[in-house]
Amino acid sequence: MQKREKVKKLFLIILVLSFTACEKNVFQSPTVTPTSLKDVVALRLNFRFESDVPAPTTVVPPQNTELKNDAIQADFDQTRSPETLEKTLPSPDKNRFLAVYRKPEDVPNQYRLDMYSADGKLVKKITPNGLAVQFPDSIVWSPDGNSVAFVGMIRIGQTAILQIATPTPTPDAPIPPTAEELAGNANVDVNSNTNVDANSNTNVNVSPQNASEQPKAILTLRTEQVYFCNRDGGDLKILTQNEGKIYYYFVWSPDSTMLLALASTNKDWDIGQYEAKTRTEIFVPSGRLRIVEKSGRERLLDDNATRIQPVWSPDSSKVAAAFDKDVRVYDAVGNAPTQAEIPLRNPLLISSKSYDEIKKVEANGGNVNAVVNTQVEETKTLPDENMLVSFNPIIELKWTEDKLLYLQTAYVREFEKSTDNVRSYARWHRLLLSPQAIKY
């Protein structure tokens, strides 16, 4: 009888254990490690820091390459002699050229744009009289060669054309003024055609008869905004509508669908210029990072400002920016975009101590390997940053491969007198990115 009870209890134990095992297999999700970082949100990225590595050799080609076109220069010399051709910017396939020029009546640092073919024939005049192109060095062709982005604002001496229909405010923008408020602060031409027909000039073969026609009026603001047109100079439209903000830097995503931009407020711009002037330094603005789509939709990525130009991941899914000794990575796409901060102060402190000591030993002809071997024990406490000459902020980012993000640290000072410029202790490091395992 007792034996039967023991068998019965053993059977029940086995049954419970079997059920538990089945329950684990049924209700616990297995995990998988994605092979592409595009499938992983920024918040779920792993990273490994490697210091003092060789400089990256594979980089994204510049998007605003300047190439002098003699045929376009000849057209200006022969038929447009009062105007001054400043530069010509070729499309990636070099079949289209942007002509950046000025008229005699234009004030300094304000320009105009026309589109030319490679053989020097005018395809289309792009900018209307009231729109002044600013920051010509920031003009960029999209990688696919189908779009151009540039900065523009109201031309000095012209009356601003203000949009009566209030635009949708961006997360960091104040609520736009009403039509009545605008009318009280500026001369508003209510009957002006401020909205360009988006389909009127798209992908058209412009004939010589209408190539030189003056473009239609378009919305202009008192501060620098981002504008867009296609490879034929048509479909001109304003992408940002934030009065009081200055858009001064932007770069196309590798897939040519979005712009990554930096913008500063008027106040911050003026303060930065004043402070740089008092130090006799070259002014480098600080801006807040945002993504601007071709539709004009804009998403602010960070409330903190940076002076360092942000970069795209090669697959266009993410963005990286630098803030002093830290790197932040943001999702560029997705319904629930995330961001991740990668704090690098401590790794940079440790690597800088090693770097400084190695340089001292090298200068004295000592054994460098002996210094490297002693670093393991000494990393238990962080060194004093005031004692390290190579401990400097991040000055540049390069995202060369999906899983390789390079960063350069250095001490840099640029002055109005270039002979006083200082650039020292430039060092390249990199982050090896990898995805965390996710449940499915």
Practice problem: Would you be able to say whether some residue in region 222-237 is in contact (Cβ under 8 Å) with a residue 12 or more places away in the chain and among the aliphatic types (A, V, I, L, M)? | Solution: yes
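Which one is modelled with the lowest pLDDT among residues in region 412-440 that are closer than 30 Å to Ser316 by Cβ and open to solvent by 80 Å² or more (accessible area, probe 1.4 Å)?
Step by step, filter region 412-440, then rank; the result is Tyr440.
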Exercise. Could you list all residues from region 28-69 that are of a type in the set (Lys, Arg) and either open to solvent by less than 50 Å² (accessible area, probe 1.4 Å) or at pLDDT below 95 (or both)?
Key: Lys38, Arg44, Lys68
Quiz prompt | Single residue of region 70-91 satisfying the filter (assigned to a loop (DSSP other than H, G, I, E, B) and at pLDDT 95 or above) that is nearest to Asn392 (Cα to Cα) | solution = Ser91
Quiz item: Would you say Leu289 is open to solvent by less than 30 Å² (accessible area, probe 1.4 Å), of a type in the set (A, V, I, L, M), without any contact (Cβ under 8 Å) to a residue 40 or more places away in the chain and not in a helix (DSSP H, G or I)?
Solution: no
Practice problem: Test Gly272 against the criterion of being on the phi > 0 side of the Ramachandran plot and surrounded by fewer than 20 Cβ atoms within 10 Å (Cβ to Cβ), and give yes or no. | Solution: no
Self-check item: Residue that is nearest to the chain's Cα centre (by Cα), among those in region 380-420 that are among the basic types (Lys, Arg) and over 17 Å from Glu50 (Cβ atoms)
Solution: Arg413
Quiz item: Can you pull out the residues in region 387-411 that are aliphatic (A, V, I, L, M), buried (at least 16 other Cβ atoms within 10 Å of the Cβ) and not in a strand (DSSP E or B)?
Solution: Leu388
Quiz item: Taking region 327-353, which residues are farther than 18 Å from Leu37 by Cβ, touching a residue at least 24 places away in the same chain (Cβ under 8 Å) and either open to solvent by less than 50 Å² (accessible area, probe 1.4 Å) or of a type outside the set (A, V, I, L, M) (or both)?
Solution: Leu344, Asn346, Pro347, Leu348, Leu349, Ser351, Ser352, Lys353
Quiz prompt | Of the criteria (1) open to solvent by 10 Å² or more (accessible area, probe 1.4 Å); (2) in contact (Cβ under 8 Å) with a residue 12 or more places away in the chain, which one Ala263 fails | solution = (1)
Quiz item: Where residues in region 295-339 are modelled with pLDDT of 95 or more, of a type in the set (A, V, I, L, M, F, W, C) and in a loop (DSSP other than H, G, I, E, B), which of them is nearest to Ser434 (Cα to Cα)?
Solution: Ala332
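Among the listed residues Val123, Val107, identify the single one that is of a type in the set (A, V, I, L, M), assigned to a strand (DSSP E or B) and closer than 27 Å to Leu219 by Cα.
Details: Val107 fails: assigned to a strand (DSSP E or B).
Exactly one residue qualifies, and that residue is Val123.
Is it true that some residue in region 133-150 is surrounded by 15 or more Cβ atoms within 10 Å (Cβ to Cβ), modelled with pLDDT of 50 or more and touching a helix residue (DSSP H, G or I) at 6+ places or on another chain (Cβ under 9 Å)?
Yes; the residues of region 133-150 include at least one that is surrounded by 15 or more Cβ atoms within 10 Å (Cβ to Cβ), modelled with pLDDT of 50 or more and touching a helix residue (DSSP H, G or I) at 6+ places or on another chain (Cβ under 9 Å).
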Quiz item: Which helices (runs of 4 or more DSSP H) does region 164-280 wholly contain that include 1 or more residues that are modelled with pLDDT of 95 or more?
Solution: 266-278
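The values are calculated or read from the model by the stated rules, or taken from the named source; none is laboratory data. What you are looking at is a predicted structure, and each value in this text was computed from that prediction instead of being measured. We place every Cβ from the backbone using ideal geometry, glycine too, and count neighbours over all the protein chains shown. For the accessible areas, the whole protein counts, side chains as well, though only heavy atoms, and no ligand, DNA or RNA atoms are used. Shrake-Rupley method; radii C 1.70, N 1.55, O 1.52, S 1.80 Å.
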